[in-house]
Amino acid sequence: MSNEHSMLPPQRVSDDTSPAEPDSGATTADADSPSDRLNEVSLLSSPLPPSPYVSPSRLGHTTAEDHRDPERRRALPPEVNGWLKGAYRYVYTMLVFHIHSTIAWTAIGIAIVAALACVINPLMWPCFILFVWRRYRRYREGMKQSKLFDGGPIKDVDDLKERLLSHLGPQEEGTFRTRDGLNLRYGIFGNGDKTILLCNGVNCSYLLWSPAHTALQRIYTSMGGKGEVWTDDFRVVTWDYRGQFDSDDPCDAVRFSVERLTDDALDLMVHLGIPKFHGMGGWSTGVQIALQFAATYPDKVERLFLVNGNWGHTLTCAFQISWYLPNPLVPRILHSLIWVCRYGICPYPNLYAIFLRIYRVVIHWLRRYLWKPLGVLTGIPTYEWMMLLNASDVFGNTASHANNVGIILQALDCHSVAALLPEVRTPTVMLTGLLDAMTPPYQQYEMAGIIPNIHLVPFLLGTHHSIEEYPNQIARLMVDFFCRDWDDFKRKCPGRVRLAPIMIDR
């Protein structure tokens, strides 16, 4: 081979393995001409287009130039810096969760050991009797201060509802029409300029907020409220979810999704002629609805006040106390119980009536022998009756109501707002009970590590019904949060998580 041909680079092999068919008008000499070879060399030596890949320095990898420049060596790219801050927030809040959870369950263990020691050892009986007597005296004092017991002892659930409505009834009631043609019932409390939407738990009416309402009426003016009572400055709006209480039943399970409930809240806002909500308060199911609303319509709400809720998969996470070892049998058992109620009890009126009689006996037994002793130990006289009200509403209305409760619970298990949490820029206050089994507290701590503007307040001995167990603390936090700017609130309550859990409701 000549030197001229030896200096040429090797020819590229085509991906097509089939032999090329020569042109009928071309000769072999033309195909191997030196001019074609030189053209090929010029094409191969032409500069390549810019690479679409990001430079190593933007990805956080150091280059030789970065090592030579000390300023570049110290500075991190904004993408990496933001990722590190987010990871630090999440790891920090979960570390605080493990510390708080350990303290709470250690306190429960100590209390159980102390109670057993007092029962077994006769020398400790005077201490035990003194403790119970002091708690019972506080319980009796609370009964005298509560308006709920002005008419004497409460007889039954109907008597309880009448007494609650006498001092907590809505000032205005009505119905609004949703975009899919349902008429839902709503109620309005107060006549202030700032409107707050209250999202209740599934199967729960606004009456369960009665202890917090009573505490709010008592402390509002002393904490800097502008009006004589909170109803002079705020207007609270709430509604019955579709298929619940006095609202229309969609009669179609696909229309019970959390997104539909969120759209109902927007339809209510349009019906009232409100440009936006000053705030949204949510408990249990209402937490998922409020988070979905804030993520979907961020310009329609200014702040969120969330109590005992999660970001989704309610039945999957319920009763999963351990963050490390979830039990896969729990959600299957819960779903099976819902299937039995929906398809084995609710469609049959006679069987439903028999089940309802047994159910009422059970919950009244729980009120007397479980919820009342807990009310005495906590010094909350309304605790037993609020728990009875919550339990009786599950099967105490109609069979379709109970069936719809099961549908909404399963819809909550299918829903998750986890992917949207970083986009929830709305200032948020979240309250959690460290002994909450229905919505385990680790989910609230996860949200505290992800939502940008948030402050988490843990209750050391709080369960899923923190609104009944810590009404005074919740009322104070509501006043501080809704009556202050976010910056002022953060100066008073710094940090993403309150490091000292609240133990006693004062």
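Nothing in this text is a laboratory measurement; each read-out follows from the coordinates by a stated rule. Just so we're clear, the structure is a prediction, and the values are computed from it rather than from any experiment. Here the Cβ is made from the backbone with ideal geometry for all residues, glycine too, and neighbour counts use every protein chain on show.
Values for this structure:
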quantity: Model label zone, residue 138; criterion: amide N under 20 Å from point 7 Å along Cα-to-beta-carbon; scope region 368-390; calculated: 370-387
quantity: Volume per residue that the Cα convex hull of region 420-465 spans, once the total is divided by residue count, Å³; calculated: 66 Å³
quantity: Shape box of region 85-492 [Cα atoms, principal axes, largest first, Å]; calculated: 67, 59, 49
quantity: Cα convex hull of region 361-506 - mean projected area over all directions, nm²; calculated: 10.3 nm²
quantity: Distance cut-off 16 Å, percentage of C-alpha pairs in region 263-361 lying past it; calculated: 70 percent
quantity: Distance between modelled label sites at residue 191 and residue 99, nm, 7 Å Cα→Cβ extension; calculated: 5.0 nm
quantity: Contour excess over end-to-end distance, with Cα ends at residue 339 and residue 128 and 0.36 nm allotted per residue; calculated: 71.5 nm
quantity: Ellipsoid equivalent to region 177-293 - semi-axes via the Cα gyration tensor, in Å; calculated: 27, 15, 12
quantity: Highest average packing first - 133-143, 448-458, Cβ atoms within 10 Å; calculated: 448-458, 133-143
quantity: Debye log10 I(q)/I(0) for region 129-242, one point scatterer per Cα, at q = 0.20, 0.23 Å⁻¹; calculated: -1.20, -1.34
quantity: Over region 124-188: Kirkwood hydrodynamic radius from C-alpha pairwise inverse distances, Å; calculated: 15.6 Å
quantity: Over region 443-506, relative contact order from alpha-carbon pairs under 8 Å, at least 6 apart, %; calculated: 51 percent
quantity: Residue order, fewest to most surrounding Cβ atoms within 10 angstrom, among 407, 188, 474; calculated: 188, 407, 474
quantity: Spin-label model distance (nm) - residue 106 vs residue 362, 7 Å beyond Cα toward Cβ; calculated: 3.7 nm
quantity: Inter-part distance where region 330-406 and region 172-193 are each reduced to a Cα centre, Å; calculated: 28 Å
quantity: Rh by Kirkwood over Cα pairs, then Stokes-Einstein D for region 201-248 at 0.692 mPa s and 37 °C, µm²/s; calculated: 262 µm²/s
quantity: Sequence of 257, 336, 247 once ranked by neighbouring C-beta atoms within 10 Å, starting from the fewest; calculated: 336, 257, 247
quantity: Relative contact order for region 85-492, counting Cα pairs under 8 Å that sit 6 or more residues apart, in percent; calculated: 22 percent
quantity: Rough spin-label spacing in nm, given labels placed 7 Å along Cα→Cβ, for residue 330 and residue 272; calculated: 3.5 nm
